[in-house]
Every structure is written in structure tokens, then in C-alpha cells.
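The values are calculated or read from the model by the stated rules, or taken from the named source; none is laboratory data. Please read all numbers here as calculations on a predicted model, not as lab measurements. Because the Cβ atoms are built from the backbone with ideal geometry, glycine has one as well, and the counts that use them run over all protein chains shown. Each accessible area value is taken on the protein alone, full model and side chains, heavy atoms only, with ligands, DNA and RNA left out. Shrake-Rupley method; radii C 1.70, N 1.55, O 1.52, S 1.80 Å.
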Amino acid sequence: MYAASLYGLKRAVIILPVAWTGAWLGYYAYTDTLRRSHIRDRNRELSNTLMGLPGDGPDFSKPAEEIEREALKKRYSSLNFAGRYWNPYVEWREQGAWEWALWKIIISTITLKLFYNGGVPPERPIPDLPLERPDFSLLFPSTSIKTPSTSPSPTTTREPGSGGSDVPVTDKLTLTWLGQSTSYVTLDNLTILTDPALSDRTLPSRIAPQRLRPSPCELSELKRVDVVLVSHNHFDHLDPEAIIELGDSCEWVVPKGVGPFIRKFGVTRVTELDWWEEKNHTLSRPGQKDKVYTITAVPNMHWSARSPLDTNATLWAAFHVKSHTEKPKSFIHLGDTGYSPTLYHAVGRVLGPIDLAAIPIGSYEPKWHMHLQHTDPEGAVRMALQMKVGKSVGVHWGTWLMSDEAYNKPPLDLEIARQKLDVTEDQFCVLPAGKTIVIE
């Protein structure tokens, strides 16, 4: 009896993992077949439209450029199946938890990288990860900014609807990189904060990644925030403490499905956008003419999750902001994305040229696993060229170490990519965390 029970247990130990793995592989094969079928149909429709063939062909009463833009938007619209979003790109493949386990547990053990720290030196501050204070005197003319003696409490909130709108802000186009994908941008008097994550760790746990260099400033020192752009719901891009502190003092613009997470902290000024949807934001100040800006959600190649149970239940997106002035200015926040040459060619055709871009350049190794969700520096430069960007800043590096490349490798690989693609440092640069630059 005992021998039979032991035999049954041994069989279960073998059969159950094999069955579990086989079921997931079958699921991925089925869903990827459906996804690729959608892609083939979309590519066929796009080709027919641009060639003027019957079917959903072009409306010849419209200008050719407008026809092309509408066709590209349709081709690169979001794709949802059974409540989960898919990447509608040929380059993408689904990456389950098994692939992450293969990298982190098996391959990292074999290559002796299981506890690899990216070559981070023990001393702090790290010599080749410079840190500066933002240029508050430029950003907020006639406003005195003092360094707070203590960090703000997570329960600290700003006045609803204020956003510091009474605080004078520069009319120049500027970008201040605050680490990871968090940037503070001023564009024709509008202040934009992207992917707010200024905490020391990505999660309130000692096992979570810790910042390689501290945040250049406290959130409270950004005296005016009009709009917050959130590319997706990953922990290193959306910090609940920032949601609580900013609250309804600003407008939150997020991809579809991310709104409920922000609203559960009491925020009501939230707009959810699908890819290519637009929102007009009006900036009103006493004694001045209202200014209008168009915010567009732009497709990119990534994924979303706050837990293993909600993977891809919410959309991910880049965001493009353009002012409506005599000399319009524009900015695009890429968030996290892999490189798809067809996608970024389309973005360039629809939205380009673009004055300023924050483009990720880190978290790309091992490339066999990471390159689809995180572009390498060469892909980042190619994106900038295809989108016709005047000035690009490399972000998403040197903050939290969550991949296998050395902590200081992204800028080195960026220099190689610039030389290969004949791009100058003035066109695509990296910054010390906290540095404020002006785009003329």
C-alpha cells in the first residue's frame, strides 16, 4: 500500500508540471495564432487602402496624407481579446512566466549571473552616475525653491485642482530627467510629469530593487504640475505615493484600464485613452488667454501588470503632446517599449516631426528575452530617426537595476549607435539625473 502511494506521488510530481507546461504552451500557441491572423488581416487592409484597391479603400475626396494617416492609425490600433491586450506587431512574441523563470533561474545559474549586480561599485555616490539639482530658478522664475529638510509624508496631498497653477513657469521647452522614465517637461507654459516614480525602491519591501542614485528632488519641489502622463502600470513607472501626493491637483492621462487603479486613491481627474485617441487640455490663468494642448495616446510595444493575475488587462501607451500656438511645440514620452521598425515609421508619418522625445535606452539584456519589451540604444536611435525627432534624451537606465547589462552600459552602447547611424550627441543625449536642459 505504501509502495503504491509512493509510486502515485512520483507520477504526480512528473505528470502535473508537464501537463501544466503543456497547457500553457498550448494556450500561447492558440492565442499567438489568432494574434498573427489579426496582423495579416490588418496588413492586407493597409496595403489595399494605400494602393487604392476595392474594399475599405481610400476616400479620394480626402488629401492623400490624411488617407495615409487614417490607414496607419487603423493598422496600429489596439488589439484586445477576452479582456487582455495584445501587441499587434509581427516582431512580438508572447513571453510567459516560464520564459522569465528560464532566464532568472536556469540560465542565470548556469552563467553565474543569479546574483549578478550589474558591476555596481560599492561606493556611494557612484562616480559615473552623476546627480544634479534641477534648475528651479529657470523652471520657476521669481519663485524661491528650498530643499525640504525631510521627505514629504505619503499622506501629504496638494489642493485639488490647483496643480500650482498660480506658480509662474518658464515658457521655454525644457526637460529635467528625474530617473527611470520620470521626466519633468515644460512646453509653452504647460508643465508635464511623466511616469511618476521617485521612491527609493520600486516596492515597499527590502527585497525590491533600490535606486542606484537618489531622486534629484522631492515631488513637493515641483511646485507646479499640470498634467501627469502614465505610460503603463508597472511599479517602476507608477508609484502610489506619487498618486496620493499629487491627487486631484493635476490632470492624469493614462492608457485604457489604468484609471481604476488611480481612482482607488481618491483621484477623480483621470482620463483614459486608447491608442490614437486625443484629449485637449486647456491651461487657464488669470489675465491670460487660454492655451490649448492636444495629448495623443500613441501605440508602443510592451505589456502591463501589477500582479500575476492582471497581466495585460490594461493597455500601455506612449504619449504625444502638442501646443496650439503660432509656433507649436511637441513632445513624446515613450515610457517602455521594444523597437518595431514598422510601428515607429508609422508614428513618424502620423505625428512627425517632433521637437523633443524621452526614449528608453536601458533594461535590454539578455536580448533574447528583453529586446521585445525594452529597446536597446541602437533601436532607440532608430526610433528617433523614424519619428523625425529634433532632440532625444535617453531615459530608463541608471536608476533601478532589473536586467543583465552593466549599470553603466546603456550610454556606452548609445555612443556606438550614434556613430553607426551618424547621429550627433546634440541630437540624442543622456543626462545626469536631475539636469535641466533647454531645447531651442
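The table below gives the values:
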quantity: Some residue of region 138-148 being surrounded by 11 or more Cβ atoms within 10 Å (Cβ to Cβ), touching a strand residue (DSSP E or B) at 6+ places or on another chain (Cβ under 9 Å) and at pLDDT 90 or above; calculated: yes
quantity: Where a residue in region 52-69 is under 16 Å from LEU351 (Cβ atoms) and open to solvent by 70 Å² or more (accessible area, probe 1.4 Å) and its partner, wherever it lies, is at pLDDT 60 or above and outside any loop (DSSP other than H, G, I, E, B), with Cβ under 6 Å and at least six apart; calculated: ARG69/VAL350
quantity: Count - residues of region 276-288 that are open to solvent by 80 Å² or more (accessible area, probe 1.4 Å) and modelled with pLDDT of 90 or more; calculated: 3
quantity: Residue in region 188-197 that is under 23 Å from TYR407 (Cα atoms), in the same structural domain as ALA305 (by the TED database) and in contact with a helix residue (DSSP H, G or I) (Cβ under 6 Å, 6 or more places away or on another chain) present; calculated: yes
quantity: Verdict on LEU102 being modelled with pLDDT under 95, open to solvent by 20 Å² or more (accessible area, probe 1.4 Å) and at positive phi; calculated: no
quantity: Output for region 389-416, where each listed residue is of a type in the set (A, V, I, L, M, F, W, C), surrounded by fewer than 20 Cβ atoms within 10 Å (Cβ to Cβ) and either on the phi > 0 side of the Ramachandran plot or in a helix (DSSP H, G or I) (or both); calculated: LEU412, ILE416
quantity: Some residue of region 338-361 being open to solvent by 10 Å² or more (accessible area, probe 1.4 Å) and under 15 Å from the mean Cα position of the chain (by Cα); calculated: yes
quantity: Residues within region 184-207 that are open to solvent by less than 10 Å² (accessible area, probe 1.4 Å) and under 21 Å from LYS329 (Cβ atoms), tallied; calculated: 10
